[in-house]
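Student: If you scroll down you'll find the structure; I have some questions about it.
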Amino acid sequence: MKNEKSRDYRALYRSKINKKYIKNPYQIRMNVVMINNKTPLFIYIIYPTARSCLHMHKYIIKGGNRLRGSVRLKAAKNSVLALIAASVLTEDDVVLKNCPDLTDIANKLKIINGLGAKALYNGEDIFINAKNALNTNISKKLAESLRSSFVLLGPMLSRFKRARIYLPGGCAIGERPVDIHLSALRSLNVKIAENQNAIVCDASEMRGGDIVFGFPSVGATQNIMMAAVCADGTTRISNAAKEPEITDLQNLLNAMGADVSGAGTSVITVKGVKKLSGAAYAPVPDRIVAGTLVIAAAVCGGELTVQNCRPYQLAALFGALKNNYCDIECGSDYIKIKSGGRLGALPDIATDPYPSFPTDLQPQITALAAVCDGVTRITERIFENRFNHAVELEKMGAKIYIDGRTALIRGVDRLRGAEVTAHDLRCGAALAVAALKADGISVVNYAERIDRGYENFEETLRELGADIVRVAECSRKPLRKIFDK
Ligand code: UD1
């Protein structure tokens with residue numbers, strides 16, 4: 001009930017007080033004062049929450065509790081980010097339903113508001129109208145705040161025929177170049193120059209073409225689908241990414257009047273249409289959040305139901321957990337996991353494009369492997385620098401040996417609480433999972449990085465029974481006090 005209320009106030013704050021969306025840095029409390037016992041006076045008190053504090057945030061976690069309860073998923077971050085970009089393709093309204101409140105999404109909305117569009121949260125939905133969007137520069141700082149800023153290039157070229165965009169940022173997990181995006185755009189006859197760390201494109205003569213990706217890049221597939229959607233002729237993308245977020249993009253584009261087919265397979269065909277119109281769309285639920293919660297329940301023990309999910313998208317995770325003494329039941333839109341907290345050996349795991357094991361669950365499964373029987377071999381094939389979590393898990397007593405892109409993890413009986421650092425989003429999630437299992441108290445520094453991809457992660461875990469609180473660095477409360485019940 002309390003959560004229901006604070007959500008209402010947040011929605012009120014977004015829609016009535018602040019027309020432009022800002023990630024909930026404040027909570028609003030409403031007080032009603034009766035004047036002369038007759039006239040109600042509504043007073044809104046705005047007070048900062050931990051999230052508005054400029055200091056580093058920390059999770060303080062006392063390990064050992066089992067997780068019990070159920071969680072209802074919201075839309076997938078990576079899908080919503082691409083669909084927000086697609087909204088720039090039309091002058092009409094686009095509504096995305098059931099979206100989570102995440103820093104990455106807030107930044108993406110800031111970017112398109114910066115172009116002159118009107119984008120805001122309306123309750124749990126995102127409402128966008130890009131009629132007044134102009135072909136202006138995206139600030140370097142915002143472009144660098146997330147990888148998906150670059151996925152605006154395709155829609156901007158389709159709408160404005162020219163674009164200047166800074167190279168993107170995102171989690172520090174590897175080089176992350178954009179060569180596949182650019183060479184595909186060249187195949188569509190887009191002229192490209194580089195100018196002071198920015199890419200300048202001229203698409204005045206853009207037309208459909210045949211593209212063969214050297215690697216099925218998710219972002220490049222999205223960019224090219226959106227660039228080609230209103231171009232003259234037909235574009236065929238071979239070796240396209242097959243992730244559910246690609247199918248979601250195809251569905252939204254087609255709902256807007258596009259002619260795209262083949263998403264979910266390795267060949268996508270885009271037949272150019274004249275114009276796109278608005279649409280309302282419910283994006284696919286977040287499989288990475290689902291997977292993280294399933295792994296947390298497996299590690300901690302307990303009984304968890306994840307509702308509103310697509311279990312078939314996590315087949316690779318279930319394959320990895322099959323000898324793990326966990327009891328996993330899947331319905332069409334739910335996953336139930338029962339775990340005794342004792343974990344059998346894992347098979348060898350290698351990340352690869354969908355439907356193989358997702359790289360975005362690799363840090364979390366590494367945390368699980370740290371307390372499994374035997375030795376687990378995990379190979380990271382998508383990003384060249386995605387073992388930042390290993391050194392942090394070692395501080396908790398994990399035994400991990402890294403050899404290039406492979407980690408060998410010897411399971412230990414117990415992890416111990418420690419102070420660790422969330423180097424990136426999924427690294428943070430993995431450390432939180434490990435801390436939930438560890439003996440004693442752990443501190444996860446830079447917990448705000450977890451806000452990029454998990455909405456109210458600490459609240460979700462607390463509602464499942466975990467002992468977890470979030471504090472800003474300025475907090476002087478001794479840890480003992482925080483856990484005094
Ligand atoms: C998306 C997801 C990210 C996920 C990744 C792989 C978003 C916002 N992010 O990232 O969470 O981990 O897919 O599933 O949707 N590459 C190149 N040149 C390019 C493009 C990519 O070499 O032009 C390389 C990257 O450096 C990386 C690999 O290809 O090593 C995969 O990248 P890609 O599939 O493009 O991932 P993103 O779209 O960046």
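Student: For the list (1) in contact (Cβ under 8 Å) with a residue 40 or more places away in the chain; (2) farther than 26 Å from G278 by Cα; (3) out of contact with any strand residue (DSSP E or B) (no Cβ under 6 Å at 6 or more places or on another chain), I need the number of the one condition that S158 fails.
Tutor: Among (1) in contact (Cβ under 8 Å) with a residue 40 or more places away in the chain; (2) farther than 26 Å from G278 by Cα; (3) out of contact with any strand residue (DSSP E or B) (no Cβ under 6 Å at 6 or more places or on another chain), the lone unmet condition for S158 is (2).
Student: While we're on this one: Hey, among the residues in the stretch 132-160 that are assigned to a helix (DSSP H, G or I), more than 15 Å from the ligand (Cβ to nearest atom) and of a type outside the set (S, T, Y), which one's surrounded by the fewest Cβ atoms within 10 Å (Cβ to Cβ)?
Tutor: K141
Student: Could I ask something else about it? Mind checking which residues of the stretch 177-205 are assigned to a helix (DSSP H, G or I), surrounded by 12 or more Cβ atoms within 10 Å (Cβ to Cβ) and under 28 Å from the mean Cα position of the chain (by Cα)?
Tutor: I180, H181, L182, S183, A184, L185
Student: Tally the residues that are out of contact with any Cys (no Cβ under 7 Å at 6 or more places or on another chain) and either among the β-branched types (V, I, T) or assigned to a strand (DSSP E or B) (or both), restricting the search to the stretch 268-292.
Tutor: Looking only at that region, the number is 11.
Per-residue answers, yes or no, for (1) in contact with a helix residue (DSSP H, G or I) (Cβ under 9 Å, 6 or more places away or on another chain); (2) hydroxyl-bearing (S, T, Y); (3) not assigned by TED's automatic domain parsing to the domain that holds R414:
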residue: Q250; (1), (2), (3): yes, no, yes
residue: N254; (1), (2), (3): no, no, yes
residue: A258; (1), (2), (3): yes, no, yes
residue: S261; (1), (2), (3): yes, yes, yes
residue: T265; (1), (2), (3): no, yes, yes
residue: A297; (1), (2), (3): no, no, no
residue: C300; (1), (2), (3): yes, no, no
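Student: Could you tell me whether V260 is over 30 Å from L431 (Cα atoms) and in a strand (DSSP E or B)? I'd like the intermediate steps shown before the answer.
Tutor: Working: over 30 Å from L431 (Cα atoms): yes; in a strand (DSSP E or B): yes.
Yes.
Student: Then there's this: Name the pairs: first residue in the stretch 181-192 and farther than 14 Å from S238 by Cα, second residue within 12 Å of the ligand (Cβ to nearest atom), Cβ to Cβ under 6 Å, at least 6 apart or on different chains?
Tutor: I192/L182
Student: Another one. Look through L317, L276 and report the one residue that is over 22 Å from the mean Cα position of the chain (by Cα) and modelled with pLDDT of 95 or more.
Tutor: Result: L276 is the single residue among L317, L276 that is over 22 Å from the mean Cα position of the chain (by Cα) and modelled with pLDDT of 95 or more.
Student: Residue pairs, Cβ under 7 Å, 6 or more apart or interchain, first in the stretch 426-452 and farther than 20 Å from E380 by Cβ, second of a type in the set (S, T, Y) and surrounded by fewer than 24 Cβ atoms within 10 Å (Cβ to Cβ). List them.
Tutor: Qualifying pairs under 7 Å: N445/T421; Y446/T421; D451/T103.
Student: Of the residues in the stretch 225-284, how many are within 14 Å of the ligand (Cβ to nearest atom) and acidic (D, E)?
Tutor: Qualifying residue count, the stretch 225-284: 3.
Results for (1) in contact (Cβ under 8 Å) with a residue 12 or more places away in the chain; (2) in contact with an Asp or Glu (Cβ under 6 Å, 6 or more places away or on another chain); (3) farther than 21 Å from N239 by Cβ, shown as yes or no for each residue.
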site: V375; (1), (2), (3): yes, no, yes
site: I378; (1), (2), (3): yes, no, yes
site: R381; (1), (2), (3): yes, yes, no
site: E394; (1), (2), (3): no, no, yes
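Student: Next question. Out of curiosity, is E394 among the acidic types (D, E) and either touching a strand residue (DSSP E or B) at 6+ places or on another chain (Cβ under 8 Å) or at pLDDT 95 or above (or both)?
Tutor: Yes: the conditions hold for E394.
Student: Continuing with this model, one more query. Any idea how many residues of the stretch 364-386 are outside any strand (DSSP E or B) and more than 14 Å from A434 (Cβ to Cβ)?
Tutor: Initial filter on the stretch 364-386 (outside any strand (DSSP E or B)): 364-374, 380-386.
If we keep only those that are more than 14 Å from A434 (Cβ to Cβ) as well, we get 373-374, 380-386.
Here the count works out to 9.
Student: Which condition does P168 not pass, out of (1) touching a Ser or Thr at 6+ places or on another chain (Cβ under 9 Å); (2) modelled with pLDDT of 95 or more, if it passes all the others?
Tutor: With respect to (1) touching a Ser or Thr at 6+ places or on another chain (Cβ under 9 Å); (2) modelled with pLDDT of 95 or more, P168 is out only on (2).
Student: All but one of (1) within 16 Å of the ligand (Cβ to nearest atom); (2) surrounded by fewer than 18 Cβ atoms within 10 Å (Cβ to Cβ) hold for Q222; state the number of the condition that does not hold.
Tutor: Every condition holds for Q222 apart from (2).
The values are calculated or read from the model by the stated rules, or taken from the named source; none is laboratory data. Computed from a predicted structure; not experimentally measured. Quick reminder, even Gly has a Cβ in these numbers, built from the backbone with ideal geometry, and neighbours come from all protein chains shown.
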